[in-house]
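Values in this text are rule-based calculations from the coordinates and carry no lab data. Here the structure is a predicted model, which is why all the values come from computation and not from measurement. Neighbour counts run over all protein chains shown; Cβ positions are idealised from the backbone, glycine included.
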Amino acid sequence: MQKNRFVMAACAAIIAQAGAVQADVVNVFNWSDYITDEVLERFTAETGITVNYDVFDSNDTLEARLLAGSSGFDVVVPTATFMQRQIAAGVYQPLNRDLIPNWAHMDADLMAAAASHDPGNEHGLIYMWGTTGIGYNIDMVAERLGEDFEVDTWDMIFDPEVAAQLADCGITWLDSPTDMFPAAFAWMGKDPQSTDAADFEAATEMMMAARPHVRYFHNSQYISDLANGEICVAVGWSGDVLQAAERAEEADRGVNVWYAIPREGAMQWFDMMSIPADAPNPENAHAFINFIMEPEITAMITNYVWFPNANAASWEFVEEDIFTDPAIFPTEEVSETLFTGVTYDTRTDRTVTRLWTRVRTGQ
């Protein structure tokens with residue numbers, strides 16, 4: 001009995017020690033190139049909580065980890081359309097707003113738009129948002145299409161005659177059917193939020209015509225390739241393309257990159273901070289989210305990644321050339337052409353997966 005009591009006491013001490021260590025950690029899973037190290041260092045300095053930070057480059061990767069269960073993550077950053085179906089699967093716990101007082105800084109209109117995927121914004125808070133458009137090398141495109149060619153069009157991506165003129169300098173597409181199909185619909189004059197199987201079939205045939213001119217499909221490689229002048233046109237996410245533009249400028253090798261929101265319409269998306277239902281450190285997760293929503297911290301991230309945020313109190317701290325750039329914070333006129341994504345049901349998801357495999361393989 002004495003021995004058993006000793007063993008039990010020892011086990012309790014080990015468990016308590018493990019709990020204490022765990023209490024000083026928050027495990028974050030976020031998109032690549034989406035935060036500055038200074039923010040993570042300041043969070044640890046101010047809270048004593050160590051950040052274990054890991055990255056992914058597709059919603060499918062994140063979803064697979066979450067649906068498998070016991071991911072070990074405390075804070076994850078899904079795109080709102082994916083978060084919607086993950087909520088239905090019971091993946092996330094409701095956020096405790098009492099632990100996130102900085103929620104008060106959020107822009108009501110942007111949060112209302114995100115609420116179309118998460119009624120009442122119960123499970124997610126906007127981290128950053130942006131658009132899906134076209135990154136391009138100014139000089140390479142002008143050399144091939146002429147100085148007067150207006151680049152704010154999906155023609156560069158989907159029109160085979162235009163794409164053929166750009167193929168030698170390199171066109172890339174996102175490996176993201178939830179971005180590419182709506183873009184195709186917009187260019188074809190269809191409803192970008194369509195879930196009609198016939199529309200997906202038609203869009204696939206259209207994309208297959210341009211497919212021979214696509215160099216590769218990837219969700220992050222285009223950033224460095226644009227910056228280095230190795231490609232000239234990429235379907236990409238706004239902040240990523242603008243990061244490429246900044247890197248190109250810093251390298252000072254004569255590579256000029258910029259971003260265009262297609263006039264036919266472009267997707268407006270929201271990346272949300274959420275807490276998995278089985279998060280090992282939910283209190284630390286709330287502390288991390290609240291810290292990110294400190295106005296100066298949010299602005300610091302936007303100034304680094306060049307993605308717009310939904311923290312209205314942070315906007316005064318965003319660098320003026322970023323906040324006033326319509327490629328980053330779209331004008332009201334451009335905003336009227338934007339559309340949000342939709343969450344596909346199981347049947348539509350199977351159709352999209354099958355057809356996207358065909359587009360990717362070119363077969």
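Points worth noting:
- Site pair Arg263 and Asp196 shows an inter-label distance of 2.6 nm when each label is modelled 7 Å from Cα along Cα→Cβ.
- Restricting the trypsin sites (Lys or Arg not before Pro) of the range 212-268 to loop positions (DSSP other than H, G, I, E, B) with no more than 11 neighbouring Cβ atoms within 10 Å leaves Arg253.
- Once the Kirkwood radius over Cα pairs is known for the range 130-231, the Stokes-Einstein relation at 20 °C and 1.002 mPa s delivers a diffusion coefficient of 151 µm²/s.
- Shape box of the range 14-131 [Cα atoms, principal axes, largest first, Å]: 45, 33, 29
- Other residues whose C-beta falls under 12 angstrom from the C-beta of Ala197 contribute a net charge of -2, scoring Lys and Arg +1 and Asp and Glu -1.
- With an a/c value of 1.5 or above and a/b not larger than b/c for the gyration tensor axes a ≥ b ≥ c computed over the alpha-carbon atoms, the range 239-363 is described as oblate.
- Debye log10 I(q)/I(0) for the chain, one point scatterer per Cα, at q = 0.06, 0.13 Å⁻¹: -0.25, -1.04
- Difference of contour (0.36 nm per residue) and Cα-Cα distance, Asp321 to Arg347: 4.9 nm
- Extension gain for Ala277-Asn96 works out to 63.9 nm (0.36 nm per residue, less the C-alpha to C-alpha distance).
- Normalised by 2.2 N^0.38 Å, where N counts its residues, the alpha-carbon radius of gyration of the range 64-137 equals 1.24.
- On the basis of the beta-carbon distance and an R0 of 51 Å, Ser116 and Asp24 show a calculated FRET efficiency of 0.85.
- Gaussian network model of the chain, springs between alpha carbon atoms under 10 Å - residue of Asn303, Asn52, Asn27 with greatest fluctuation: Asn52
- Chain lengthening between Glu296 and Arg253 when straightened (0.36 nm per residue, less Cα-Cα): 12.2 nm
- Taking a ≥ b ≥ c as the square roots of the Cα gyration tensor eigenvalues, the range 134-175 comes out rounded, since a/c falls below 1.5.
- Between Arg354 and Glu38, the modelled label-to-label distance comes to 5.1 nm, taking each label 7 Å out from Cα in the direction of the beta carbon.
- Ellipticity at 222 nm from helices only: DSSP H runs of n ≥ 4 in the chain, each -39500 (n - 2.57), divided by the residue count, give -14000 deg cm²/dmol.
- Take the chain and mark each of the GluC sites (Glu not before Pro) that is in a DSSP loop with at most 16 other Cβ atoms within 10 Å; the longest unmarked stretch, sites excluded, is 1-121.
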